[in-house]
Amino acid sequence: MKTFFSGILLLLLWIQGTPRAFAESPVRMASETDFSAELDSLKARSAAHERLLAALPQISGYVQTGYEWSEDASTFFIKRVRLSLSGQLARQLDYRVQIEFCTPKIVDAYLRYRPFEALNVQLGEYKLPFSIENTEYVPLKYEFIEYPLSLRRLMGFSDLCGLSATGRDMGAMLYGSFCRRDGYSILNYNVGLFNGEGLNVKDLNRSKDLVARLMLRPFAGFQIAASGYWGKYGASSLKRVRYGAGACYDRGPVVLRAEWIGGTTGFLEADGVRIVEQESAGWYAVGGWRVTTSLMGVVRYDTFLEDTAVRSTRQTNCTAGLLWQPVRFLRCQLNYTYEDYASRSVSNRNVVSLMLSGIF
């Protein structure tokens, strides 16, 4: 019996000592050292790879094409073909370049320095900080195919002063926000100086155009904005003043938005000497409902008076639309618009438009 218990004791001691022996084994120690070195090397290569990827620009873009029918026209069209490059140059310094290929031009090219939430600097060519729709509702977020008349005619889309600049210009801007709450800021501001001549054009006069906007978000999804634009355009330094105010609620299934935009535009008479100034004004109201996460119905009332002294210059558009985005990379938009013209020399129109956006 004593021999039996002695054997059991020796077996237990051997079992207890074996792991220690293996732990002290030079072979095992070497294996663990090699594994640790390989792991450190793999981590170093992974970190270098991540730094390389972070240094490369992010590439994105989209193509918008479609078909339009009215009583006097029927055509396929390509609306936008955009390629965007963006990235970080330093921790608080980033950049963006966006190119339009449909009518080749650079539409965005800027550097942005963001040291503080309340004070940031942007320099280059980009969207003017005027109105809610011009900056907050980019083409891939916008519910309609066309922007409202007042924005198009007074803010450099097909401007009365001759610009076709998609609401953009070259200049420098300060912007920031205050009172952060639950993912949004209550007070936001933008103020900047711009050439006033549109895309990729140097200033043709010595003055700079001043643009300012103040936005208030009292609660999530709701914002109120007031904008002002004071400037001159062309070699003759003709007057270009714009002002506007609006409100927007966009949260959950509901979209409600309305803005009023007015302005004064200077024109040279046919003699090239005398200058006349024209007052314009317009407003729009939008209502929308997201039926599902991929399907949305929208309506818009949109009216613009090109010359407030001549009532027959008024145009009013009533639009109903459907927006369907079955997958992330495809947007489908169908719009019906009734165009009503106050002038008897222009016939009213029914316009049906279909546009597909391919996103990459």
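The values are calculated or read from the model by the stated rules, or taken from the named source; none is laboratory data. What you see is a predicted model; the values in this text were computed from it and never measured. Backbone-built Cβ (ideal geometry, glycine too); neighbour counts: all protein chains shown.
Observations on the model:
- Output for the stretch 347-360, where each listed residue is among the charged types (D, E, K, R) and either loosely packed, with under 15 Cβ neighbours inside 10 Å or outside the structural domain of residue 262 (by TED's automatic domain parsing) (or both): none
- Scope the stretch 232-257; condition of a type in the set (A, V, I, L, M, F, W, C) and either outside the structural domain of residue 185 (by TED's automatic domain parsing) or assigned to a strand (DSSP E or B) (or both); matching residues: 238, 241, 245, 247, 248, 254, 255, 256
- Criterion applied to 142, 147 was being within 17 Å of the chain's Cα centre (by Cα), free of Cβ contacts under 8 Å to residues at least 24 places away in the same chain and surrounded by 19 or more Cβ atoms within 10 Å (Cβ to Cβ), and the one residue passing it is 147.
- Single residue of 302, 307 found to be in contact with a helix residue (DSSP H, G or I) (Cβ under 6 Å, 6 or more places away or on another chain), among the charged types (D, E, K, R) and either surrounded by fewer than 15 Cβ atoms within 10 Å (Cβ to Cβ) or under 28 Å from residue 75 (Cβ atoms) (or both): 302
- For beta carbons closer than 6 Å, sequence separation of 6+ or different chains, a first residue in the stretch 42-69 that is assigned to a strand (DSSP E or B) and a second that is exposed (fewer than 10 other Cβ atoms within 10 Å of the Cβ), the qualifying pairs are 61/360; 67/76; 68/75.
- Of all residues in the stretch 310-342 being more than 28 Å from the chain's Cα centre (by Cα) and exposed (fewer than 13 other Cβ atoms within 10 Å of the Cβ), the one that is nearest to residue 278 (Cα to Cα): 310
Listed here are the residues, each with its yes/no results for (1) hydrophobic (A, V, I, L, M, F, W, C); (2) in the same structural domain as residue 261 (by TED's automatic domain parsing); (3) touching a residue at least 60 places away in the same chain (Cβ under 8 Å); (4) assigned to a loop (DSSP other than H, G, I, E, B).
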position: 174; (1), (2), (3), (4): yes, yes, no, no
position: 179; (1), (2), (3), (4): yes, yes, no, no
position: 186; (1), (2), (3), (4): yes, yes, no, no
position: 189; (1), (2), (3), (4): no, yes, no, no
position: 197; (1), (2), (3), (4): no, yes, no, yes
position: 211; (1), (2), (3), (4): yes, yes, yes, no
position: 214; (1), (2), (3), (4): yes, yes, no, no
position: 227; (1), (2), (3), (4): no, yes, yes, no
position: 230; (1), (2), (3), (4): yes, yes, no, no
